[in-house]
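Accompanying notes for the structure given below.
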Amino acid sequence: MLRLVKLALVVLAVVLGVRVVGGRWADVSGHLGDLTFGWTTVAVVTSLVGQAVIALVWREVLADLGSPLPTLTGCRVFLLAQLGKYIPGSVFAVAAQMELAKRYEIPRQRSAAAGVVTLVLNIAVGGIVAICALPLLPDRLASPFLPALLLLPLAGLLHPKVFTSILNRALRAIKRPPLEQALTGRGIARASVWCVASWVLLGLHIWALCRDVGAGAPVLALGITGFAAAWLVGFVVVFAPAGFGPREGVLVAVLAGSLVGGSSSALVVAALSRLLLVLGDALLAILALGVGRSPERHLAQQRGLV
């Protein structure tokens, strides 16, 4: 029965992902012939690698909490679980991580904590990366983001002792035991480096798409800042699967003034970005099935049976 429920959730996630692509296809299809091979290739590669790198963030956090997995095996678990984000709500990807990790004998509480820490790191580091790009933007584009500078002191919450204390208080509130192993500075630092790499790569795919449709101004910093801001808004709007709708709205608002075609070109960039990221999630999930160790092989190797 449990396997049927898991299969139904995966199918639902894929269907919702297909609907997301279908909803943007009309906006994209008429412009596909105008794209260039070079910039499109840059966008495809940076978006795909940027999404894959997020799996390394989760793996680093999980190892820091006491459950290290081989690199490819950790990527296998995380990338398969990512399909859960296409179900409305922000918890299904973490729930999928818990269930898949349990098959590798990782306690659900530990994998859930790793999922939550990964989300918080993505949000915090994404905000910091976006803020760091502000000095590179023209004044008229940077000024709407300046209030975000007031959030910088919140980065102190990422200190391992503070972060662990907050997690344990949350666990106590739901009557669960505290973490067996506290987060460390080294672990958070390693995960944060991968986080920065992911945000920069994902920003680069927006930059490449802007160059492809005709950028009327420098858009490198704007691509990084704009995508981070759009992702954060899409994440907060929990009823939208993977932020569909709100994310595109923010991207169009941020990019329109810097593209030759204005809002129409910005909509093409937003739609193409969504298309690439959805197809990227699907491709990475398929590839994940062929990499890393299966649960059976992993456990046998852990026990010295192979």
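The values are calculated or read from the model by the stated rules, or taken from the named source; none is laboratory data. Predicted model, so just to flag it, every value in this text is computed and none were measured. Neighbour counts are summed over all protein chains in view; Cβ atoms, including those assigned to glycine, are modelled from backbone coordinates with ideal geometry. Areas reflect the complete protein model, heavy atoms only, side chains present, ligands, DNA and RNA absent. Shrake-Rupley method; radii C 1.70, N 1.55, O 1.52, S 1.80 Å.
Among the candidates PHE92, PHE78, single out the residue that is surrounded by 22 or more Cβ atoms within 10 Å (Cβ to Cβ) and either under 12 Å from LEU56 (Cβ atoms) or touching a Lys or Arg at 6+ places or on another chain (Cβ under 8 Å) (or both).
Of the residues listed, the single one that is surrounded by 22 or more Cβ atoms within 10 Å (Cβ to Cβ) and either under 12 Å from LEU56 (Cβ atoms) or touching a Lys or Arg at 6+ places or on another chain (Cβ under 8 Å) (or both) is PHE78.
Condition check: crowded, with 18+ Cβ neighbours inside 10 Å and under 20 Å from TRP39 (Cβ atoms). Does SER258 satisfy that? Yes: the conditions hold for SER258. Scanning region 98-112 for residues that are β-branched (Val, Ile, Thr) and either open to solvent by 20 Å² or more (accessible area, probe 1.4 Å) or touching a Phe, Trp or Tyr at 6+ places or on another chain (Cβ under 7 Å) (or both) yields nothing.
Yes or no, residue by residue, for (1) modelled with pLDDT under 70; (2) on the phi < 0 side of the Ramachandran plot; (3) open to solvent by 30 Å² or more (accessible area, probe 1.4 Å); (4) in contact with a Gly (Cβ under 9 Å, 6 or more places away or on another chain):
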{"position": "VAL10", "(1), (2), (3), (4)": "yes, yes, yes, yes"}
{"position": "GLY17", "(1), (2), (3), (4)": "yes, yes, no, no"}
{"position": "ARG24", "(1), (2), (3), (4)": "yes, yes, yes, no"}
{"position": "LEU32", "(1), (2), (3), (4)": "yes, yes, yes, no"}
{"position": "VAL44", "(1), (2), (3), (4)": "no, yes, yes, yes"}
{"position": "VAL53", "(1), (2), (3), (4)": "no, yes, no, no"}
{"position": "VAL57", "(1), (2), (3), (4)": "no, yes, no, no"}
{"position": "SER67", "(1), (2), (3), (4)": "no, yes, no, no"}
